[in-house]
Amino acid sequence: MPAFSLEPEQQAWCAELRTLAAQRLRPVAEKGEPGRVDRALLAELGRLGLLERLFTSGALDLCLMRESLAHGCTEAETALALQGLGAHPVHAHGTPAQRARWLPAVADGSAVAAFALSERAAGSDAAALTLRADPDPSAGGGAGRGWRLTGEKCWISNAPEADFYTVFARTAPGAGSRGITAFLVPADRPGLTGSALDMLSPHPIGALAFDGVPVTADDVLGEADRGFRVAMGTLNLFRPSVGAFAVGMAQAALEATLAHTARRDAFGGKLSDLQTVAHQVAEMALRTEAARLMVYAAATAYDDGAPGVPRRAAMAKLLATETAQYVVDTAVQLHGARALRRGHLLEHLYREVRAPRIYEGASEVQRGIIAKELYAETPPPAGEAP
């Protein structure tokens, strides 16, 4: 399927999701407490079958789902996305026992997942993480191997309220990205504590402290010392869908601006009659559509197993999140003071749109990935050694 074309069934599904977001999910989200896990919202997402689709959909379907939900209820979109981010490593790399224990509960909204990669000194540079997994000869486990986790994680979405964490720790000191292991760590594991951070966010973001937390081979996701692949594989899937989240917000801001400028009286006519205003709206639409197409292209490349997925994923997240920031900011400017009133759609979007330019790799990191991949794909000039 060409990346720029959606099938009628996909278009109908997106329309259904936008309706569900506005009519079923937004009323639930409005009753939630900012900065806390909204378990009622997760339960509703589970009843609608949307959480289960995290484990049966490809990258493009994930993007369509996140874009459509973001258009009508950003809180529902974020709740769904965080379940997917935290649980995807279990789905993709977990043992049958791990999958049976956690995935059904994630799908029905009764278990909250979290992805614990970032640290205070290792946010953008994920390979530099310092959470230690020290060998524990006394531990058991399926392969008779165990570790003790010691250190901290920070900026972790859904912490400290998650029921389990996908945790990335260093099992081979000095080995860079080759010495990291992914572990599935239940929240009630001895030695694991968490604290909330006061952030500009509708969901909890916190820090985790690991004081000799015991883990065994039964808790490993994938292979020992190969956890960086688990992390990057998860991010390559979810980065385009972060872009889809951004596109959904940009589209909502664009539609609000079209309606406002078409009816707002100004200078003897409608605001939309002013060429400067009309050109700004055209630019908003242009950038939103360009970002949407790049997101769909990156997701389709992932689903098709095409080359260059990390570069495409980085491009999609970068363009879409930067575009959404521009579109929402312009929408606020064209609405004037009313857009800054608490409870206005654009006031809400203005708060929501900033964080995606940072999490899952800041914009600067995405540029670095793009450049690295481009140079790696460029053969040396003829006659020169590689």
* Asked: Can you name the number of the only condition in (1) farther than 25 Å from Gly361 by Cα; (2) out of contact with any Leu (no Cβ under 8 Å at 6 or more places or on another chain); (3) in contact (Cβ under 8 Å) with a residue 12 or more places away in the chain that Thr130 fails?
  -> (1)
* Qualifying residues in segment 142-164 (those that are in a strand (DSSP E or B) and small (Gly, Ala, Ser)) - the one surrounded by the fewest Cβ atoms within 10 Å (Cβ to Cβ) -> Gly151
* Within segment 266-289, is there a residue that is free of Cβ contacts under 8 Å to residues at least 24 places away in the same chain, assigned to a helix (DSSP H, G or I) and closer than 30 Å to Tyr375 by Cα? -> yes
* Could you tell me which of the residues Gly233, Gly269, Gly248 is over 29 Å from Leu54 (Cβ atoms) and not assigned by TED's automatic domain parsing to the domain that holds Ala182? => Gly269
* Asked: Here are Thr193, Thr171: which of them is surrounded by 16 or more Cβ atoms within 10 Å (Cβ to Cβ) and of a type in the set (S, T, N, Q)?
  -> Thr171
* Which of the residues that make up segment 91-125 are more than 13 Å from Asn158 (Cα to Cα), hydrophobic (A, V, I, L, M, F, W, C) and touching a Leu at 6+ places or on another chain (Cβ under 6 Å)? -> Ala107, Ala122
* Asked: Among the residues of segment 242-265, which ones are exposed (fewer than 13 other Cβ atoms within 10 Å of the Cβ) and outside any helix (DSSP H, G or I)?
  -> Asp265
* Asked: of a type in the set (Asp, Glu), touching a Lys or Arg at 6+ places or on another chain (Cβ under 8 Å) and either assigned by TED's automatic domain parsing to the domain that holds Gly206 or crowded, with 17+ Cβ neighbours inside 10 Å (or both), is that true of Glu52?
  -> no
* **Leading residue by the ranking (surrounded by the fewest Cβ atoms within 10 Å (Cβ to Cβ)) among those in segment 70-120 that are small (Gly, Ala, Ser) and in a loop (DSSP other than H, G, I, E, B)** => Ser110
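Residues to consider are Glu360, Glu352; find the one that is surrounded by 10 or more Cβ atoms within 10 Å (Cβ to Cβ) and at positive phi.
Details: Glu352 fails: at positive phi.
When all the criteria are applied, what remains is Glu360.
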* Asked: When residues of segment 121-131 are filtered for being assigned to a strand (DSSP E or B) and within 20 Å of Asp219 (Cβ to Cβ), how many remain?
  -> 0
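The values are calculated or read from the model by the stated rules, or taken from the named source; none is laboratory data. Nothing here was measured: the structure is a model prediction, and the numbers come from that model. Virtual Cβ from ideal backbone geometry, glycine too; neighbours counted across all protein chains shown.
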